[in-house]
Each structure stands twice: as structure tokens, then as C-alpha cells.
1. Multiplying the sequence separation of VAL173 and VAL153 by 0.36 nm and subtracting their Cα-Cα distance, what value in nm do you get?
2. Residue-wise, which Karplus ³J(HN,Hα) couplings in Hz belong to region 148-160, taking 6.51 cos²θ - 1.76 cosθ + 1.60, θ = phi - 60°, and x for glycine or proline?
3. What is the extension gain from ALA58 to GLU194, computed as 0.36 nm multiplied by their sequence separation minus the C-alpha to C-alpha distance, in nm to one decimal?
4. Could you compute the FRET efficiency for LEU32 and GLU72, with r as their C-beta to C-beta distance and R0 at 22 Å, rounded to 0.05?
5. DSSP loop GluC sites (Glu not before Pro) in region 118-223 with at most 15 other Cβ atoms within 10 Å of their Cβ, which ones?
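What follows is calculated from the coordinates using simple rules that are stated; it is not laboratory data. Please read these numbers as outputs of a predicted model, since none were measured by experiment. All Cβ positions, even for glycine, are placed from backbone atoms using ideal geometry, and neighbour counts span all protein chains on display.
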Amino acid sequence: METTSRVGAQAPAADGTAEAMPSARRTVDSYLLAPFPWYGLDEAFTGQRWLMQVGAAADGAVEHGSIGHGDEPSVRSDGPFGNSDKERFAVVVTVAANPVRRSPDGTGLLEATSVSSAAWLAGVGLLSFTWPNQMDHTLRDDWLDQQTETAWVLADDLQGDDWSTLSLPVDGVPTSFHYRESEFGWVLAGSTKEGVHLGAYGRGMSAYGLGFSVVKDIHEYAS
């Protein structure tokens with residue numbers, strides 16, 4: 001798969017509760033360093049918007065990041081997979097469309113990013129809020145490893161039977177996305193004409209009515 005490696009991709013941490021996100025990761029400064037446009041839900045969404053985290057290469061260059069919409073999700077729940085009946089959220093992942101390129105130290109090559117990169121980051125992002133939090137820690141780690149590997153395999157086979165096609169507007173233009181649902185929520189991934197790949201995941205909020213657009217002012221997510 002022509003995608004960022006799982007190490008280089010810097011997927012969201014498994015301990016993904018709002019409380020686990022250091023404030024430094026939730027400030028706007030790192031988003032402003034990105035050489036590509038950020039995407040979020042379009043103006044049809046009138047709910048809360050919030051920052052999450054960015055992922056950077058070894059040289060500090062921002063390569064991808066996530067911004068949230070709706071209820072900030074947590075894994076605290078009386079149920080098996082988070083507050084699925086109470087929380088309504090959608091997270092948009094923007095990934096820079098990079099070709100194969102040399103590593104910062106010049107000793108090797110970094111794999112190209114692709115729609116699969118966005119699909120994997122979105123799949124792992126959803127898992128970070130949906131693990132069975134009543135599990136023993138050892139079993140939970142095994143479960144996360146297994147599900148993360150599954151997310152990788154699924155992202156590597158976007159033409160497989162686990163994915164369907166969904167058309168959603170991006171900057172007002174109908175755009176084709178790869179889409180799948182699971183007991184944890186939904187995941188989708190596609191590309192834009194602005195030179196970035198988009199991933200998204202959510203729960204309690206239908207993906208079918210969503211639209212995406214370039215974020216005009218990322219500060220709106222920091223308030």
C-alpha cells in the first residue's frame with residue numbers, strides 16, 4: 001500500500017479521552033504550521049467544533065491532523081463500547097498528499113500517502129474512543145492490537161467487500177468516498193482537489209448527510 005507507515009503515521013493514542021489530551025496538543029499553533037488546508041464539516045453543521053491533534057514527521061513538518069464536531073467523545077461508559085447512545089460526533093482527518101520522498105536525514109525513503117492513509121488514521125481514531133473499557137488492561141491491549149491490525153488490513157483493501165461507495169459534497173462538489181460501518185461507528189475516506197486526502201469517523205451522527213469544506217479560520221475550532 002502506498003501509504004505512510006504505521007509508525008510514521010502517528011495514529012491517535014489509544015487513551016483518547018478528552019482528559020487524556022494535553023492542552024498543548026489542543027492549541028491552534030501546530031495547525032497553523034501545516035502547509036496544506038484543513039478540512040472540516042461545512043456550514044450546514046451548526047454544532048460545537050473543537051481541535052484534537054496533529055501528526056508531524058521527524059523534522060517537525062505537519063503531515064496530518066484531526067478536528068472534531070459535535071460532542072467530545074470519551075470512553076467512560078456503563079456500556080461495552082463508550083457512550084454510543086449519548087454521544088454524537090464526527091471527526092475529520094486531513095492528510096497531506098505526499099509522494100514518495102526522502103527521509104529528513106537523507107538515509108531512506110518515506111512511503112507516499114494515499115486515501116488508504118486517511119482510511120487507516122480514521123479507523124484507528126474511531127477505535128481510540130470505542131474500546132471495551134471494562135476489560136482487564138492486558139486483554140484491552142490485546143484487543144486494541146488486534147483491532148488496529150484489522151483497521152490497517154481494511155485500509156489496504158479499499159476495493160474490498162467491507163467498503164461501499166458514498167458520494168458527499170466537498171467544497172460543494174460531489175465527491176466519491178470509501179465508506180464502512182461497524183459496531184463501533186462509521187469510517188470514510190477520499191481525496192480532494194486541494195491536494196489532500198480526507199478521512200472521517202463518527203458515532204451517533206449519520207455520515208450520509210455530511211458535507212466537507214476547507215476551514216477558513218482554524219481559530220474557530222479553538223474557541
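1. On the way: separation 20, 0.36 × 20 = 7.20 nm, distance 2.96 nm.
In short, 4.2 nm is gained.
2. 5, 5, 4, 4, 5, 4, 5, 5, 7, 9, 5, 8, x
3. On the way: separation 136, 0.36 × 136 = 48.96 nm, distance 2.44 nm.
Answer, rounded to one decimal: 46.5 nm.
4. Working: r = 22 Å, r/R0 = 0.98.
Plugging the Cβ-Cβ distance into 1/(1 + (r/R0)^6) gives 0.55.
5. Working: sites: GLU149, GLU181, GLU183, GLU194, GLU220; in loops: GLU183, GLU194.
Passing both the DSSP loop test and the Cβ count: GLU183, GLU194.
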